[in-house]
Amino acid sequence: MSGEEPFLQGATGGEPPFPPRSGCSVTPLIEAAEMYPRLEEAMLEAKESVWLGFRVFNPDTRLRADAARSQGLKRWSDLIAATVERGVEVRLLLSDFEPVMADRLHAGSWNSFRKIREVRDALPEAAQSRLQILVIQHEGEIGWGWRQMLRLALRWRLRRLIEKLLGRLGEEEHVFDVRPGLWRWLKWKGKRPHGWRPGPPPRLWPATYHQKCAVVDGRTAFVGGLDLDERRWDDSDHDRQADDTWHDLSARIEGRAAHDVARHFADLWNRELPRFAAIVAEWTGGAERTLNPDPLTEIASADFGDTREGQGAATVQLVRTRSRKSRALFATGPVAHIREIREAHRALIGSARRCLYIEAQFFRSKAAADWVIEALAAHPDLEVIVLIANVPEEIAFLGEGRNPAHRHGEYLQARALGRIARAGGPDRVGLFTLVRDRRANGEERDFEDSRGTAFGSGIIYIHAKLVVADTDACLLSSANINGRSFDWDTELGFLWTERAGSIGHFRGDLWNRVSDGALGADARLADWQQLAFANSNGAPGERKGFVVPYQLGRARRFGSPYFWIPDSLV
């Protein structure tokens, strides 16, 4: 890497960036098996506050830390209750999802809300105000003009969805309790829905809160790609059925950068409080049900006292993506406001001289492909190693392969990665993915046609979001390499430099785990290619680790461009 560190100096949108913070400590956490216990232990040690900001958060998730289980705590709902009862304030800022087009995710968020409210109601009255939760739609929504043009199609989809859910009333106790976004289109008999009723075309929110972060007492933060539920739980052995595997990364940050995470959370919380109340009022207007989100209070201060430089060796800069609602009549989504994560990718990619290592769920950005191609042209010794999910889980496991948005996303990814591969050639660019080291079993073979298997084995689903330039600088975040994460969704990550060799050790640890020790810390692209080729031709059970070639051809054949789908949607 060049002598210049890849930190952002000027504003990349509507606000200046957080400054680089020296004296920090960074502990990378590989897989949920490392991240979940560390977060649980931090909560057990909390003295003042715990603020949690996730896209997906299930209070029924089992606890893994021995210290928590030794206290008789079994699930996250127990840990939250015990933390509040100790006098600690707990706030949860969770993402909501579009009620009509993303019904399953909308119901999941409000089921978490329901369970947290049950926890709150069981607390002593004096403690209840210390547990607060927001389930918030992103402010970016589709313009009024599009809603009117789509009103007949939306009315048909809404009616069909409600009628399907009415048919499940006898089977699922809370089927409509956890879908407040549908209440205004229901006919009611008392508090029981019994039919669909027409209404105004629903508002459509294509953007989400995609960040995954936690901050304890304003001094310890967790930032990365991991949400919190059983689906995300996995360890480095990945000894699970393909549709239960999950490779992901997060990190524990201590020092002044953790204060910045607290300020970021407080700013979002206070900004969204009035919007949350307005949306709840809109959804419950005319319905026979009420939704009482109180107690909810602003965060008066994110100042946690001592902000002197710590003793750590890391320098950390928090980076964000934030967008605002577009006022355009035919807006297809929000307008960019803060694009720090996009610029951090550009800076870090451009700083690499010997090895650019990327782990990604998606790589769909044409701009990011351009940056990699420019770096290859500028630095003849640069090698690029990309470890990427072989297929989106919605296609592989959830039966959504006909969804045009997924096909458009695969088209964008095949185009971006194909351009990089051609620009560098096989001597300088390698595309890889992960599969289990055992033959696909009967259930996994059901995923063969949907690309949930590769080279005779079930895939390991990659959800990590990581860029490492040489062994000197790193970007770890919640953001995918696509327009949605660069421009639309609320995202959080951090740039990290450290002279003590910690980043090289982290990268080496990752390589060691995915290769069962076959890839050393100083491995080159040729070593990756040799391993991937041997594994792809070897029998499952006789491979070294999980690394195989990424199946670019399958992605290219599956993908299809749709002119009416914004690239930033996928």
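The values are calculated or read from the model by the stated rules, or taken from the named source; none is laboratory data. Computed from a prediction, not measured in an experiment: that's the story for all the values here. Positions of Cβ are generated from backbone atoms using ideal geometry, with glycine treated the same way; all protein chains shown enter the neighbour counts. Ligands, DNA and RNA are excluded from the accessible area calculation, which covers all protein heavy atoms including side chains. Shrake-Rupley method; radii C 1.70, N 1.55, O 1.52, S 1.80 Å.
Quick notes on this one:
- Ordered from highest to lowest accessible area with the whole protein assembly present and a 1.4 Å probe, SER485, SER560 read as SER560, SER485.
- Mean separation of Cα contacts under 8 Å, 6 or more apart, over the residue count of segment 143-202: relative contact order %: 37 percent
- Principal-axis analysis of the Cα atoms of the chain puts helix 340-351 at an angle of about 0° to the longest axis.
- With the simple spin-label model, which puts each label point 7 Å out from Cα in the Cβ direction, the ARG114 to ASP509 separation comes to 3.9 nm.
- Contour minus Cα-Cα distance for LYS189 and ALA82 (0.36 nm per residue): 34.6 nm
- For the chain, the longest principal axis of the alpha carbon atoms and the long axis of helix 103-122 meet at an angle near 70°.
- Length-normalised contact order for the chain - Cα pairs under 8 Å, 6+ apart - percent: 19 percent
- Computed per residue of the chain from DSSP H runs no shorter than four, each worth -39500 (n - 2.57), the mean residue ellipticity at 222 nm is -10000 deg cm²/dmol.
- Once both labels are positioned 7 Å from their Cα atoms along Cα-to-Cβ, the gap between ARG438 and VAL335 label points is 5.4 nm.
- Interchain or long-range residues, amide H under 5 Å from SER22's placed H: VAL316
- FRET efficiency, 1/(1 + (r/R0)^6) with R0 35 Å, evaluated for ALA281 and LEU150 via beta carbons: 0.90
- Estimated FRET transfer efficiency (ASN270, ASP449; beta-carbon r; R0 45 Å; 0.05): 0.40
- Loop-located chymotrypsin sites (Phe, Trp or Tyr not before Pro) in segment 295-380 (DSSP state other than H, G, I, E, B) with a sparse environment of at most 14 neighbouring Cβ atoms within 10 Å: PHE330.
- Set of lysines with alpha-carbon distance to LYS366 below 21 Å, sequence-local pairs under 8 removed: LYS465
- Note on PHE533 and GLN241: the model spin-label points, each 7 Å out from Cα along the C-beta direction, lie 3.6 nm apart.
- Taking a straight line from the alpha carbon of LYS187, these lysines sit under 24 Å away, with near neighbours fewer than eight places off in the same chain left out: LYS164.
- Across segment 558-569, rounded Karplus estimates of 3J(HN,Hα) from the backbone phi angles (6.51 cos²θ - 1.76 cosθ + 1.60, θ = phi - 60°) give 7, x, 8, x, 10, 5, 8, 9, x, 4, 6, 6 Hz, Gly and Pro being marked x.
- Centroid-to-centroid separation of segment 456-533 and segment 304-367 [C-alpha atoms, Å]: 16 Å
- Selection from GLY190, PRO566, PRO28 lying farthest towards where the dipole of the chain points positive, charges on Cβ: GLY190
- For the pair segment 46-92 and segment 233-291, the centres of their Cα atoms are 14 angstrom apart.
- Residues in segment 181-187 carry Karplus couplings, in order, of x, 9, 4, 6, 9, 10, 8 Hz; the curve used is 6.51 cos²θ - 1.76 cosθ + 1.60 with θ = phi - 60°, and Gly or Pro positions show x.
- Rounded to 10°, Cα long-axis angle of helix 502-515 versus longest principal axis of the chain: 90 degrees
- List ARG327, ARG445, ARG147, ordered by accessible area with a 1.4 Å probe, largest first: ARG327, ARG445, ARG147
- Estimated at the nearest 10 Å², the accessible area of MET35 is 0 Å² with a 1.4 Å probe.
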